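What follows draws every value from the coordinates through simple rules; no lab data is involved. From a predicted model like this one, the values you see are computed outputs, not experimental measurements. FYI the Cβ positions are ideal-geometry reconstructions off the backbone, even for glycines, and counts take in every protein chain you see.
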Amino acid sequence: MQFLRLSAPIALLTASLATSSAALANEQLYNQVSLRAEAYQEVAHDQMEVTLYTEEQNTDPAQLATQITKTLNSAVKSARQQPQINVRMGNRRSYPVHDEKDKKIIAWRERAEIRLESTDFSALSALTGKLLQSLKMANMQFSIAPKTRTNSEDALLKEAIDAFQARAQLVTEAFGSKDYKVVNLNLSSSGFARPPIYARSNKMMMAMSDESAVTPEVEAGSSQVSIIADGVIEIAQP
């Protein structure tokens, strides 16, 4: 009997807590508005990456591997003489070459890459022209160096927050109120790369003799770096 008498107050207390939680949830969403603001700027590309490759064919896979390695080692040795240029090995793969009936292997073909990266465009362009005497170009691309991007984003943070606050105040006044509070605010970065311009791409891609080396002339282009402020405000009752 004592247990039965206590059941009713406990049930009433549970119902009361559930009602209070629902009311609180509704109150938290009341007069809340989602906003988005953005600050951006154009940042010139200051990092250049060039991918060069060598590709050969031979009936003897061992001789083919030796030939490819010799060409790569020579290119790496030349590149490492310039400390301002970062040298990395790229993809390397070999595959069989079949006869016309695709039944018999008649040779082996191998391709290997070397990747060069630097913020010194002049030095890397000159080295690229030299290495194109023995290698071929697979790709040339430009980007914003990590340190430059971080500095640009840090400079845009305050602008993005100021833009968010200005928009929040505008919306608050449109609702006939003067005050608001920020419920949550997310800051994120993004970037849009504009294509680079190759001034003499036809000469960069052509096979060059040992007597002359053409230095690629390029315009690196730029990217749009932005900071997005995305959040929710709660407008005070007028």
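With a simple spin-label model that places each label point 7 Å from the Cα along the Cα-to-Cβ direction, the separation between Gln237 and Ile105 comes to 8.2 nm.
When peptides 174-186, 42-54 are ranked by their average number of other Cβ atoms within 10 Å per residue, the highest-first order is 42-54, 174-186.
Compared with the alpha-carbon gap, the fully stretched path from Ala166 to Ser122 is longer by 11.4 nm at 0.36 nm per residue. With charges set only on the Cβ (+1 for Lys and Arg, -1 for Asp and Glu), what does the dipole of the stretch 47-143 come to about its Cα centre, in debye to the nearest 20? With only Lys, Arg, Asp and Glu charged at Cβ, the dipole is about 160 debye. Residue separation of Ser188 and Thr150 scaled by 0.36 nm, minus their Cα-Cα distance, works out to 12.5 nm of gained length.
Would you please give the FRET efficiency between Gln224 and Ser34, computed as 1/(1 + (r/R0)^6) with r the Cβ-Cβ distance and R0 = 30 Å, to the nearest 0.05? My answer for the efficiency is 0.80.
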